[in-house]
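A short worksheet on the structure shown next.
What follows is calculated from the coordinates using simple rules that are stated; it is not laboratory data. Note that the structure is predicted; figures quoted are calculated from it, not measured. Counting neighbours? That spans all protein chains shown, and the Cβs are built from the backbone with ideal geometry, glycine included.
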Amino acid sequence: MRYLPLTPDDRSAMLGSIGVKSIDDLFVDVPAAAQLAGPIAGLPMHASELAVERHMAALARKNLTAGEAPFFLGCGAYKHHVPASVDHIIQRGEFLTAYTPYQPEIAQGTLQMLFEFQTQVARLTGCDVANASMYDGSTACWEAIVMARRITKRGKAILSDGLHPHYVSVARTMAKFTGDVLDLSLPTLVPETDAERLLGAIDGETSCVVVQYPDILGRIGDLSEIAARAHEKGALLIAVVTEPVALGALKSPGEMGADIVVGEGQSIGVGLQFGGPYVGLFACQEKFVRQMPGRLCGETVDAEGKRGFVLTLSTREQHIRREKATSNICTNSGLCALAFSIHMTLLGERGLRDLAALNHGLAVDAAERLAAVPGVELVNDSFFNEFTLRLSKEARPVVRDLADKGILAGVSLGRLYPDGEGRENGLVVAVTETSTHEDVDALCAGLKEVLA
Amino acid sequence: MSINQSGWKPEMTTEHGTAGATFTGNRALMLEEPLIFEIGSTETTGVECAAPPKAADRLGGLARSRPIGLPGLSEPETVRHYTRLSRQNYAIDLGLFPLGSCTMKHNPRLNEKVARMPGFADIHPLQPQETVQGAIEVINQLSWWLIELTGMYGVAMSPKAGAHGELCGLLCIRSALEARGDPRSVVLVPESAHGTNPATAAFCGYKVEDIPATAEGRVDLDALKRRLGPDVAAVMITNPNTCGLFERDMKAISDAVHAAGAFVYCDGANFNAIVGRVRPGDLGIDAMHINLHKTFSTPHGGGGPGSGPVVLSEALSPYGPIPYSARYADGHFRMVEEETAGEEHPDTFGRMTAFHGQMGMFTRALTYILSHGADGLRQVAEDAVLNANYVLRALEDVLDAPFGPSGPCMHEALFSDEGFPEGFSTLDVAKGLIDEGYHPMTMYFPLVVHGAMLVEPTETESKAALDQFIGALRSVAERAKAGDAALKGAPYFAPRRRLDETLAARKPVLVWREDEAAEAAE
């Protein structure tokens, strides 16, 4: 077996040193009834690198990739161009095959990178501090709701109807068990966000209001008034960002008064990967830092007075506080945070603003062209790089028909909201710097044909 | 004149003299690297973007007006910055990484190549399912392997890491109990458990109580039986446990737990010791997470991403999360999501993450499993256990091995700081090992052993590598026992000396701030 260095001679010599006769003598504590006599029957035996690569490549070939087709899917995962150097750097063994920096003297590379990542995320979101990452946006969102409960000692969260339905589902799953109360609603295909509903719902029992920015339909709503109302009632505003590139063009949620900003960092540096691994962003204002979940990296000095970095404030965490920890999270998304940070360093502020402007410009152009197709109507007044179309037919079969023509047209709202109620004709279309003029032509032509 | 009483102190010079401080602060290949905030500028970029088409903006009046403060670097500067940082890290690729409980084994590079195939890396989770049949098939094939290797009934693939898997298992248990109208309030966890176990139980609303251990480091079955009752929902057990021992009474524990109407959750962090030799399903376990980043060698990445699929018993499978992959009679695959869950999986507790889980880890883990096969995986467990016992027996004369006398260990060897002189502890051994060129073992865990040192060599170390490590640990341990004061200053040769963690926690500096930096410079 190519990954196992021990030779049969090594094994005999080592068994001899240990003072046992056979490997079975080392498994004496396993009851005989539970031991398998040999390799599990019915399972394949080991295979060569060539054979395994062939097997996996055959599976990979069965998928239609984003790069092969005019591609317009978003809704929480976006196709962006990731510079080649990002993937090169994250494959360096010193990053790839290290672990959580428990021994800071020999993990300064990871720690300094995390410190830089935390700063980038804090600045991008307009918050004072950020942590070293969560699993993804959806789990970061639930952790923020739990954190708001701890801070306010209240258990009712109001979720905007523009919050990604998967994020809502995760919160619903958890709330069933924790007893948190969720005030929920479903989106309708109108240009306005549900800010009015939220403003009316905030009361003295409310722990937090959770608003996605831009929202699941691509709409952009001002958060300032919601923040002010929430604060007036002693509640927190949690802003959720699923497309961080948008923050290169838009006011940051922190600027508008958000107390906690969580997000999905996949857009920057991390590919689509069929949904994971991604990287959860978690930022907040300084006064709440001791209630944050997850790892935090902080600056300090070493015995010679040199600047260095360590994991800090660990008394919030499970390995110290056990059942009293702020979260059960341990392993987070370190390598994806690295990819995010490298890509953000390559972009810099100038690059991020240019990228955001390009995304927005292409999206505006595409929205206008698509809205001119018979049977297609643009729902949004405002949007960044993603908008919702109301089609004259149910969107789900339209998406399927277009896929048959080799066009990945967008996300049908029927996929996200199977209950219909007017949403079934909605199609959410994302346009990024990877979408060409010809791709939009193809989508327009395809829609025209399928809707006719 | 009396005899010379002062002696003569020679100059401490060598033939070439001593090295002083360098102009740069670098020491040859050990390179200092500033923060991007100190070397980059907001106007520099390493990415070129086309000009946007001219159009009025539709940002709803919320266009950004304030600067963000994100420095950029050109590509050569970026590559150099991160390459220099990388060299300040220890990693498996550099040497033995005996971090107990973390299974730091070699990460085969074929896995990386496969995960990057566009057919896996460049597909969107919400594409029409007809266009991603190969991806769903990967999830399905890996599911099959995990079920077969554990002898369980079903598997939930979406949990994002071990702790997320624990959450998944406990939510299944809670759902099952509620479905039979018997909600319970307590989860029992041994003191030696990973911190995630009690944290997870609390996170989903349970009260946590300790299970006592026996003097030989295993669950005290009699004490457990006495505590079981109608309020206990589940018992969380790590097997092999964190003391590196197999829970001999596992089947009896499961039977007792089931007789009391509760469920058994197994923390599968240590599955590497038994994969291919023991199936947890044969031990009466109801739910167990599998850390793909441990047993199945997806890279640890400096702290993730991990992946924590949960295998489930027949009793718990109906409650598992959506989405999950299903294969239909006509040969096509589908992710069962909200849309059809009502018919196909009506009792699901719901969704626990957006999308389908860690696909990038599934492709790597399946590649690893196919490479090893049933025979190779069994050999993995055997070599992991052999290597750990080799280390245990080679060092128990110099380091106290609290459970050494009771028999062989599984895949990790546990030592304590018993017998160290006043003022010396496990931390000093760890820092001394750094100077010897090793990542230290896990320190001060499990909590049940004083000054615990948990050594997990894994199966991907050669005998020669183990012999050198044993020699190094022996040397450092002997220095600690002899009260060698120099050890208190270790490490001397790492990029940094011991770091002041108290200062970091007392005055947290979690982000870079220009004003603070300017103040510090004054």
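At-a-glance table
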item	result
Estimated inter-spin distance, B:Glu343 and B:Trp144, nm [label 7 Å along Cα→Cβ]	2.5
Backbone N under 18 Å from the A:Ala58 label point (7 Å along Cα→Cβ), restricted to the stretch B:349-363	B:363
Student exercise, the stretch B:373-497 dipole from Lys, Arg, Asp, Glu Cβ charges, in Debye to nearest 20	380
Calculated FRET efficiency for the pair B:His332/A:Leu50, C-beta based, R₀ 30 Å, to 0.05	0.60
Mean separation of Cα contacts under 8 Å, 6 or more apart, over the residue count of the stretch B:373-497: relative contact order %	29
Euclidean distance of C-alpha centroids, the stretch B:39-104 and the stretch A:191-229, integer Å	31
Given charges at Cβ of Lys, Arg, Asp, Glu: the protein assembly as shown dipole, positive-most of B:Val79, B:Val257, B:Thr426	B:Val257
Label-point separation, B:Arg109 to A:Asp9 (7 Å along Cα→Cβ), nm	2.8
Size of electric dipole in the stretch A:1-83: Cβ of Lys, Arg +1 and of Asp, Glu -1, about Cα centre, debye, nearest 20	460
B:Arg506/B:Ala259 FRET efficiency (R0 41 Å; Cβ-Cβ; nearest 0.05)	0.20
Relative contact order %, chain A, counting alpha carbon pairs below 8 Å whose residues are six or more apart	20
Additional length obtainable on full extension of the chain from A:Glu449 to A:Ala32, 0.36 nm per residue less Cα span	143.4 nm
Percent RCO, i.e. relative contact order, over the stretch B:111-366, from Cα pairs under 8 Å lying at least 6 residues apart	29
Part-to-part distance (alpha-carbon centres) for the stretch A:314-377 and the stretch A:275-300, which is given in Å	14
Spin-label model distance (nm) - A:Ala84 vs B:Ala55, 7 Å beyond Cα toward Cβ	3.1
Cα centre as origin, Lys/Arg/Asp/Glu Cβ charges: the stretch A:1-160 dipole, Debye	880
In the stretch A:6-107, the trypsin sites (Lys or Arg not before Pro) that fall in loop regions by DSSP, at most 11 other Cβ within 10 Å	A:Lys21
The stretch B:41-58 - phi-based ³J(HN,Hα) in whole Hz, Karplus 6.51/-1.76/1.60, Gly and Pro as x	9, 5, 9, 8, 9, x, 10, 9, 10, 5, 6, x, x, 6, 6, 5, 6, 10
Where chymotrypsin sites (Phe, Trp or Tyr not before Pro) fall in DSSP loop in the stretch B:393-494, at most 15 other Cβ within 10 Å	B:Tyr492, B:Phe493
For the stretch B:409-463 and the stretch A:59-135, distance of Cα centres in Å	32
Restricting the stretch B:367-463 to GluC sites (Glu not before Pro) in coil, as DSSP defines it, with at most 16 other Cβ within 10 Å	B:Glu396, B:Glu418, B:Glu422
Zone of A:Lys306's modelled label, taken as backbone nitrogen in the stretch A:88-112 under 15 Å from a point 7 Å along Cα→Cβ	A:104-112
Long pairs among A:Lys153/A:Lys176; B:Lys113/B:Lys294; A:Lys287/B:Lys294; A:Lys324/B:Lys294; A:Lys306/B:Lys431, criterion Cα-Cα beyond 29 Å	A:Lys287/B:Lys294
Directionally averaged shadow of the protein assembly as shown, computed from the convex hull of its alpha-carbon atoms, nm²	43.0
Hypothetical label at B:Ser425: residues of the stretch A:312-344 whose amide nitrogen lies under 15 Å (7 Å Cα-Cβ projection)	A:320
Using a Förster distance of 35 Å, the FRET efficiency for A:Lys324-B:Asp222 (Cβ separation, nearest 0.05)	0.75
